[in-house]
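Read the figures in this text as sums done on the coordinates, not as results from a lab. No experiment lies behind these values; they were computed from the predicted model shown. Note: ideal-geometry Cβ built from the backbone for every residue, glycine included; neighbour counts use all protein chains shown.
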Amino acid sequence: MKQFKESITLELSKELIIEVEGTYYPEEPMVMYYADGSGFPGSPSEFEIQGIKITKGNLCDLIDYLNGNTDLWEHLTELVINKIEER
C-alpha cells in the first residue's frame with residue numbers, strides 16, 4: 001500500500017486554524033478478477049494522525065469547536081482526507 005507523509009492546514013473557524021501531520025494512504029480500487037481468477041475487494045483512503053498543532057487560536061477555541069462532536073479524531077481524519085483528495 002502506498003503511503004505519503006502529509007501536513008495539512010485546516011481552518012475550522014475564523015478563530016481556529018490547526019495543522020495536522022500524519023500519513024495518508026490513498027484508496028485502492030476494487031479488482032473484480034485477476035488473470036488467475038482471484039480478486040481484490042479494494043480499500044478506502046485512510047489517514048493516520050501523528051500530530052496536531054494549533055496555529056491560530058488556542059485549546060479553548062478547539063474545545064468550543066468540538067461542542068457536541070464526541071469523536072474529534074474521526075472528524076479531523078475525515079476533514080484531512082477530503083482536503084487531500086480535493087487537490
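The table that follows gives values for the structure above.
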| quantity | calculated |
| --- | --- |
| Sparse-neighbourhood loop sites, GluC sites (Glu not before Pro) in the range 1-44 - DSSP loop, at most 15 other Cβ within 10 angstrom | Glu15, Glu27 |
| Candidates per trypsin sites (Lys or Arg not before Pro) in the range 4-70, loop by DSSP, up to 12 other Cβ within 10 Å | Lys14 |
| Lys56 long-range amide H proximity, modeled H, under 5 Å | Ile17 |
| Computed [θ] at 222 nm, deg cm²/dmol, the chain (DSSP H ≥ 4; -39,500 (n - 2.57); rounded to nearest 500) | -7500 deg cm²/dmol |
| Exposed chymotrypsin sites (Phe, Trp or Tyr not before Pro) absent: longest stretch of the chain, with sites in DSSP loops and at most 14 other Cβ within 10 Å deemed exposed | 35-87 |
| Hull-based mean projected area of the chain, where the convex hull spans the alpha carbons, in square nanometres | 7.1 nm² |
| 12 Å cut-off, amide nitrogen to a point 7 angstrom out along Leu62 Cα→Cβ, residues in the range 21-41 | 21 |
| 9 Å beta-carbon shell around Glu15, net charge (K/R +1, D/E -1) | 0 |
| Proximal lysines relative to Lys53, as straight alpha-carbon distance under 22 Å, when same-chain residues fewer than 8 apart are discounted | Lys5, Lys14, Lys83 |
| Nearby aspartates and glutamates by direct alpha-carbon distance to Lys56 (threshold 20 angstrom, same-chain neighbours under 8 apart not counted) | Glu6, Glu11, Glu15, Glu19, Glu21, Asp64 |
| Point-to-point label distance, Glu21-Thr9, nm (Cα→Cβ direction, 7 Å offset) | 1.6 nm |
